[in-house]
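Chemist: Mind looking over this structure? Questions follow.
The values are calculated or read from the model by the stated rules, or taken from the named source; none is laboratory data. These numbers were taken from a predicted model, which means no experiment stands behind them. Neighbour counts run over all protein chains shown; Cβ positions are idealised from the backbone, glycine included.
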């Protein structure tokens, strides 16, 4: 693994952050313990996640079977004058034959399962917690709101993390501000893939205010000026509302996105979400309508999102079609046999024009086996009409935390 220099702007921001932290530390009157004690009181964590994923995709003769184990080892220091350190290492290994296209293993006769083998530093940061302020410098996990625009892609074996500086202010019952300057996005594909990391100047500004009990409003501005994926450079402004009305929960969201930086595209596209959820006896239900719009032949872009959470588990819409996409979906979940059974149906159509893209069914069941071990089974079936191809996926996953 090679070390890379920090951009000048990033170095200046980190130096400024350290100066602010130093001033806050010197203002403290008491010492919470020695530096040595903080190191000795650190905690070690181990997470093992084994998964089998199969893919039957129309147009590819061979079905994919990916049997992979992710081993995650981390260490968190104790607190010293508000400072904590964190280090996390991930290793992804194929168990048995790698009969899948990981995007780097050259197995192009199989469908893609984006879980390449490799070992890397997943997170490493220094954090200062000073009352209502938290400053984090280094490689870190960032999940904003529902992760529709910024997330960690935690479903994949190699998580997406961010290199940079993050400042958070506020508490749950007051105004919360969250600003990040990111110079590198460590994507799920690893360093050897043609879909490797994003480099550039990324600024993420997010604010949340509790309007009343059970109601909160968030606003955000995300500026992505990317060096090695210039046509994913964009500027997005939006609002998100979440509220509870007795047994009914509502989520409304709107965003406007346009090109920026060195992008060769010229567009201005909208995003809409309207979602209602309710508990009907033992069943939790949800009805939603999500639109990623289109303008000038360019669809609304979400390159930093946790995409597997949205528009179906089959992942047919990881990139928004040129004519945009409208997703009308309904889901239900209930507890059964000590676990949770969920089912969802999606109907996809173009936002521009009259194309019917396809339909998808999702089914999942998860439960704890012991206090430390859990299991999950999932199935997705996408029935293509005028977009992509028929695809069936199946997962069996076991996770252990120690």
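Chemist: Which of the residues spanning the range 233-277 are over 16 Å from residue 217 (Cβ atoms), exposed (fewer than 15 other Cβ atoms within 10 Å of the Cβ) and touching a residue at least 24 places away in the same chain (Cβ under 8 Å)?
Modeler: 247, 248, 262, 264, 266, 268
Chemist: Would you point out the residue of the range 91-106, among those that are surrounded by fewer than 21 Cβ atoms within 10 Å (Cβ to Cβ) and modelled with pLDDT of 95 or more, that is nearest to the chain's Cα centre (by Cα)?
Modeler: So the residue we want is 91.
Per-residue answers, yes or no, for (1) in contact (Cβ under 8 Å) with a residue 60 or more places away in the chain; (2) buried (at least 21 other Cβ atoms within 10 Å of the Cβ); (3) under 30 Å from residue 225 (Cα atoms); (4) under 22 Å from the mean Cα position of the chain (by Cα):
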| residue | (1), (2), (3), (4) |
| --- | --- |
| 293 | no, yes, yes, yes |
| 337 | no, no, no, no |
| 341 | no, no, no, no |
| 383 | no, no, no, no |
| 390 | yes, no, no, no |
| 395 | yes, no, no, yes |
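Chemist: Residues to consider are 362, 351; find the one that is part of a strand (DSSP E or B) and in contact (Cβ under 8 Å) with a residue 40 or more places away in the chain.
Modeler: Step by step, each of 362, 351 is checked, and only 362 is part of a strand (DSSP E or B) and in contact (Cβ under 8 Å) with a residue 40 or more places away in the chain.
Chemist: Test residue 297 against the stated conditions and say whether it is on the phi > 0 side of the Ramachandran plot, surrounded by fewer than 19 Cβ atoms within 10 Å (Cβ to Cβ) and in contact with a helix residue (DSSP H, G or I) (Cβ under 8 Å, 6 or more places away or on another chain).
Modeler: The answer is no for residue 297.
Chemist: Hey, could you check the range 34-57 for residues that are surrounded by fewer than 14 Cβ atoms within 10 Å (Cβ to Cβ) and in contact with a strand residue (DSSP E or B) (Cβ under 7 Å, 6 or more places away or on another chain) and say which is nearest to residue 95 (Cα to Cα)?
Modeler: This residue is 46.
Chemist: To continue, here is another question. For residue 69, state whether it is in contact with a strand residue (DSSP E or B) (Cβ under 6 Å, 6 or more places away or on another chain), assigned to a strand (DSSP E or B), at pLDDT 95 or above and loosely packed, with under 15 Cβ neighbours inside 10 Å.
Modeler: no
Chemist: Answer with yes or no whether residue 317 is crowded, with 22+ Cβ neighbours inside 10 Å, within 18 Å of the chain's Cα centre (by Cα) and closer than 21 Å to residue 376 by Cβ.
Modeler: In short, no.
Chemist: If you don't mind, there's one more thing I want to ask. Scanning for something touching a strand residue (DSSP E or B) at 6+ places or on another chain (Cβ under 6 Å) and closer than 22 Å to residue 66 by Cα, does the range 122-143 turn up at least one residue?
Modeler: yes
Chemist: Looking at the range 73-83, can you tell me whether even one residue there is out of contact with any strand residue (DSSP E or B) (no Cβ under 9 Å at 6 or more places or on another chain) and buried (at least 19 other Cβ atoms within 10 Å of the Cβ)?
Modeler: Yes, there is a match, as at least one residue in the range 73-83 is out of contact with any strand residue (DSSP E or B) (no Cβ under 9 Å at 6 or more places or on another chain) and buried (at least 19 other Cβ atoms within 10 Å of the Cβ).
Chemist: Going by the structure shown, is residue 333 in contact (Cβ under 8 Å) with a residue 12 or more places away in the chain and part of a strand (DSSP E or B)?
Modeler: Yes.
Chemist: So in the range 192-232, with the set limited to residues that are surrounded by fewer than 16 Cβ atoms within 10 Å (Cβ to Cβ) and touching a residue at least 60 places away in the same chain (Cβ under 8 Å), which one is farthest from residue 158 (Cα to Cα)?
Modeler: Ranking the candidates gives 194 first.
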